[in-house]
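Scroll down for the structure; my scribbles are underneath it.
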Amino acid sequence: MKFLCLPGAYGSADKFQVQLAPLVNELTSDGSATFRFVDAPCEAVPPEGFEDFFGKPPYYRFIEPDEKETGDTDVLSRIRDFPECDTAEDTMRELMKEGVASSVISTNRAIQFLFDIMDKEGPFEGIIGYSEGATVASTFLLAEQKRFEETGRKPQIKCAIFFAGWPPLDPSNYSMVLSDESDLMINIHTCHIIGSLDPYVAGSMALYNTCEPDTAYIFDHGKGHTLPREKGVIKELGDVIRTMMAEASA
């Protein structure tokens, strides 16, 4: 199975390939999967104080504010004070409340960017996203579903792997999709890799809640907003993903 791989904000294809190397090695060892890593289309600068966390440049993002010089805030600048509410959906609503800068232009561009890659290099049967990449991947899946409903063009992607993501955006109006206020649902097989110590785990759960529950796997590696690397954990995760791929291809 061929996967398109989307890095997190302020990452790059090369950095994500290093981060995901243990899982890539696990899934290529028996020919289960191949991987295509891509840079996001927007050049970026990490928030002040986070430069060391994201390593050396270049830095890229899929989603950025439509207007750089406004009083509204880039949503990623709010992660310093991530809210805690009763439900995952309430947490995301609190995070996205008034004052968040619009990002319609870059979101639309990111979705078209992925459609272009899939047309030129596909077919891709799977998609992988980490953090912002997971949000964009899930938004793309809804865009594929929308295109199918409108044109009858069958989606390429059969399954998705999300690492520490946030919920998708509605491809019709670019609002965040939350399961307690929207009927939109990702209808393919998904695997959600979360860390119970991730300060943003509510985002991962809100994403999980937008996916078809009968075909959604959840895997907790027990750490933070990172990708798992321990040999035993990778072996276990690889087996879960192989099961998902087999079911998605059946």
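The values are calculated or read from the model by the stated rules, or taken from the named source; none is laboratory data. Note that the coordinates shown come from a computational prediction; the quantities given were computed from them, not determined experimentally. In this analysis, Cβ positions are derived from the backbone assuming ideal geometry, glycine residues included, and neighbour counts consider all displayed protein chains. Just the protein is used for accessible areas: all its heavy atoms, side chains included, with ligands, DNA and RNA removed. Shrake-Rupley method; radii C 1.70, N 1.55, O 1.52, S 1.80 Å.
Here are the numbers:
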item	result
Candidates Ala13, Ala164, Ala21, ranked by Gaussian network fluctuation over the chain, Cα under 10 Å, top entry	Ala21
Dipole-positive endmost among Ile188, Asn25, Gly152 within the chain (Cβ charges, Cα centre)	Asn25
Debye log10 I(q)/I(0) at q = 0.21 Å⁻¹ for segment 190-249, Cα point scatterers	-0.85
Length gained when the stretch Asp66-Asp180 is fully extended (0.36 nm per residue, less Cα-Cα span)	38.3 nm
The chain: DSSP helices with Cα axial extent of at least 15 Å and average Kyte-Doolittle hydropathy no lower than 0.0	104-121, 231-249
Contour minus Cα-Cα distance for Arg153 and Lys56 (0.36 nm per residue)	30.9 nm
Helical mean residue ellipticity (222 nm; -39500 (n - 2.57) per DSSP H run of 4+; nearest 500) of the chain	-11500 deg cm²/dmol
C-alpha center-to-center spacing [segment 163-217, segment 61-107] in angstrom	16
Linear extension gain, Asn187 paired with Ala246, 0.36 nm per residue minus alpha-carbon span	19.6 nm
Residues whose placed amide H lies under 5 Å from that of Tyr130, excluding near-sequence neighbours	Leu6, Gly8, Phe163
Stretch in the chain that is longest and holds no GluC sites (Glu not before Pro) that DSSP places in a loop and that have at most 16 other beta carbons within 10 Å	99-180
D_trans [Stokes-Einstein, Kirkwood Rh over alpha-carbon pairs] for segment 1-125, 37 °C, 0.692 mPa s, µm² s⁻¹	198
Low-density loop cleavage sites - trypsin sites (Lys or Arg not before Pro) in segment 60-162, where at most 12 other Cβ are within 10 Å (DSSP)	Lys68, Lys97, Arg153
GNM top mover of Cys42, Cys159, Cys211 - the chain, alpha-carbon springs below 10 Å	Cys42
The chain - share of DSSP beta bridges that are antiparallel (%, nearest 5)	15
Amide H contacts under 5 Å for Ile218, placed H, 5+ residues apart	His192
Of Met118, Met92, Met205, the one that fluctuates the most in a GNM where the chain has Cα springs shorter than 10 Å	Met118
Listed residues Val75, Met1, Leu178: farthest to the positive end of the dipole of the chain (Cβ charges)	Met1
Gln112-Thr28 pseudo-label distance in nm [points 7 Å out on the Cα-to-Cβ vector]	3.3
More than 33 angstrom apart: percent of Cα pairs within the chain	12
log10 of Debye I(q)/I(0), alpha-carbon scatterers only, for segment 103-142 at 0.23, 0.26 Å⁻¹	-0.77, -0.95
Accessible area of the chain belonging to carbon and sulfur atoms, whole % at 1.4 Å probe	50
Net charge dipole size for segment 178-247 [Lys, Arg +1 and Asp, Glu -1 on Cβ; Debye, nearest 20]	500
Interchain or long-range residues, amide H under 5 Å from Ser103's placed H	Asp66
Over segment 111-250: Rg over Rh, Cα atoms, Kirkwood Rh	0.96
